[in-house]
Amino acid sequence: MAKRIVTRIGDVFCVEVEGRYKQFFQYIANDMTCMNSSTIRVFKRRYAMDYKPIVDDIVNDEVEFYAHTVLKFGIVEGAWYKVGKSSDLGLEALSETFFASPIIERPEDQRVNALLLKWNIWKLDEEKERIQGLSDEIRLKVEFGMIMPWNSIVSKIKNGYYDSPDFF
């Protein structure tokens, strides 16, 4: 029988990037507005491969980005592993963060310029608001709100962008 995977809010995870460095993220909330998905904050600092995690130092780092994902799949695929837990969730900064997801009305919308699409924007656990277009000014203030697969999270950590979709 397979071992049950248990994750809890506050857990800190490590992503080892191609044997070159480690980067960390923390599971900080479930977003009821986005299918009760796990919300994470990824920290900016990259650590040497021999770094022994000090959770208090990690969670006090600057946040690089927020994302929604399914933690279990990243664990099962070996993309990340738990290194500790902290009650410091940084929720004050998260309360100022907006998420956005495109409203795809037709298949061809998937390749349309972000300025032209309709978007849902929201803050964690708040009602979505529909807006027309996502200007550069707004786009720089929001995080992508779709539930991202583990490999897209790793891509953004490694390359600075999601490997899919093409909206951000």
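Quick notes on this one:
- Checked against a 18 Å cut-off, the cross-linked pairs LYS118/LYS156; LYS118/LYS158; LYS85/LYS123; LYS3/LYS82; LYS128/LYS156; LYS52/LYS156 give Cα-Cα distances beyond that limit for LYS118/LYS156; LYS118/LYS158; LYS85/LYS123; LYS128/LYS156; LYS52/LYS156.
- Among ARG41, ARG139, ARG20: highest mean-square fluctuation, GNM of the chain, C-alpha pairs under 10 Å: ARG20
- Rg followed by Dmax, in Å, when the chain is reduced to its Cα trace: 16.3, 50
- Placing +1 on the Cβ of every Lys and Arg and -1 on the Cβ of every Asp and Glu, with no other charges, gives the chain a dipole of roughly 560 debye about its Cα centre.
- Residues in the chain average 57 Å² of solvent-accessible surface per residue, probe 1.4 Å, ligands and nucleic acids excluded.
- Positive-end ranking of THR97, VAL76, TYR51 along the dipole of the stretch 31-164, with charges on Cβ about the Cα centre, is headed by VAL76.
- Most mobile of LYS128, LYS141, LYS72 in a GNM of the chain (Cα contacts under 10 Å): LYS141
- Three principal axis extents of the stretch 1-49 based on alpha-carbon atoms, in descending order, are 35, 33, 16 Å.
- Under 13 Å from LYS22, Cα to Cα: aspartates and glutamates that are on another chain or at least 8 residues apart: ASP50
- For the chain, the longest principal axis of the Cα atoms and the long axis of helix 150-159 meet at an angle of about 90 degrees.
- The chain: relative contact order in percent, alpha carbon pairs under 8 Å with at least 6 residues between: 22
- Split the accessible area of the stretch 56-110 by element, probe 1.4 Å, and carbon with sulfur accounts for 50%.
The values are calculated or read from the model by the stated rules, or taken from the named source; none is laboratory data. Since we're looking at a predicted model, the values are computed, not measured. Note that we place each Cβ from the backbone using ideal geometry, even for glycine, and neighbour counts take in every protein chain shown. Calculation scope for accessible area: heavy atoms of the full protein, side chains included, ligands and nucleic acids excluded. Shrake-Rupley method; radii C 1.70, N 1.55, O 1.52, S 1.80 Å.
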